[in-house]
Amino acid sequence: MKKAKPVFRAVIQATYKENFAFRSNMAVSLIVQPIYFLVQYSIWRAVFQVHDTVSGFTFKTMLFYFAVSSLLGFLNWDDADGTLQRLVQNGKFITFQLRPIHHLYYAFFQKVGHRILAFWVELVPILGFYLLFGIKPIPARPFWAIISVALSFILAFLINYTIGTMAFWLVKTNGIRRAVLVFKDVCSGIFLPLTLFPEAIQKVLFFLPFQFISYVPARVFMGSYELAGITLSIPQIVGLQAIMVLITYLLNRLVWYFGIRRFTGVGA
């Protein structure tokens, strides 16, 4: 592990420098996100003119939720699935089999380097935009919020990376991969708080890992958690989030085991 630390640091630095040259691509979100937020603002303002609360949310807490979930979206974004797919399909993945570092960890620290750059290119300006609307995404319980965001960061990567392993079985995975990613985003609560779904769907979502990417950390920021009629304390839901990260990691290793056997079994 001590020998691996310099490698991880080098991967982070190299990824940061490489993407710094293309930071203008990230800056596009500075146009898209404010427009998306203004649309959400207009829709929910109209809704709350009729209702004081919706599924326990007031207009103010709804805006707070969307602000936090969008910031989490910027922080958690990665292309681990697409990158792994391209490496497998063009044959370059075989070079990682000869390297001293496992590709899973290499890809993770690539994400770290990329998101460090995104922090000041995307997150800080968007945060300033939210402040103009009086939205201050300050967590009710900072300690647990930091842990929850870190777990969300890891879980989002593990899920995307696991999706990318479909390339070991399928020649073309773009369509399936995009469908799965959209399903993941909907079920994570990025577009809508999960409590707005019918109760039957909420019960299903409670047992899926996706809520822990966006909905759970956003609720931790708000200081309370409730889904499908189940109310948990902040330490309890963060603990459950940690367990889900472990389960997803083990699932990823299992899928990887069978995927790499297939990859090497066809002559790679």
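Suppose we filter segment 223-243 for residues that are surrounded by 20 or more Cβ atoms within 10 Å (Cβ to Cβ) and under 14 Å from V149 (Cα atoms); how many remain?
Matching residues across segment 223-243 total 4.
Kindly indicate the residue of segment 211-268 that is among the aromatic types (F, W, Y) and within 21 Å of L192 (Cα to Cα) and also farthest from the chain's Cα centre (by Cα) among those meeting that condition.
Looking at the filtered set, the residue picked out is Y225.
So which residues in segment 1-52 are β-branched (V, I, T) and over 23 Å from Y130 (Cβ atoms)?
The answer is V7, V11, I12, T15, V50.
Quick check: is even one residue across segment 195-204 under 26 Å from D79 (Cα atoms) and not polar (S, T, N, Q)?
no
Answer yes or no as to whether F74 is touching a helix residue (DSSP H, G or I) at 6+ places or on another chain (Cβ under 7 Å), closer than 19 Å to G134 by Cα and modelled with pLDDT of 90 or more.
It is false that F74 is touching a helix residue (DSSP H, G or I) at 6+ places or on another chain (Cβ under 7 Å), closer than 19 Å to G134 by Cα and modelled with pLDDT of 90 or more.
So, restricting to helices (runs of 4 or more DSSP H) that lie completely within segment 1-99, which ones have at least 2 residues that are closer than 21 Å to I154 by Cβ and within 21 Å of the chain's Cα centre (by Cα)?
Hits in segment 1-99: 4-20, 59-76, 80-89.
Could you list, in sequence order, all residues of segment 113-122 that are in contact (Cβ under 8 Å) with a residue 24 or more places away in the chain and surrounded by fewer than 17 Cβ atoms within 10 Å (Cβ to Cβ)?
Passing the criteria: I116, F119.
Of the residues that sit in segment 1-44 and are within 30 Å of Y105 (Cα to Cα) and of a type in the set (V, I, T), which one is surrounded by the fewest Cβ atoms within 10 Å (Cβ to Cβ)?
Among residues in segment 1-44 that are within 30 Å of Y105 (Cα to Cα) and of a type in the set (V, I, T), the one surrounded by the fewest Cβ atoms within 10 Å (Cβ to Cβ) is V28.
Which helices (runs of 4 or more DSSP H) sit wholly inside segment 126-212 and have at least 1 residues that are free of Cβ contacts under 8 Å to residues at least 40 places away in the same chain, among the charged types (D, E, K, R) and surrounded by fewer than 22 Cβ atoms within 10 Å (Cβ to Cβ)?
Filter on segment 126-212 gives 174-188, 199-206.
The values are calculated or read from the model by the stated rules, or taken from the named source; none is laboratory data. Note that the coordinates shown come from a computational prediction; the quantities given were computed from them, not determined experimentally. Virtual Cβ from ideal backbone geometry, glycine too; neighbours counted across all protein chains shown.
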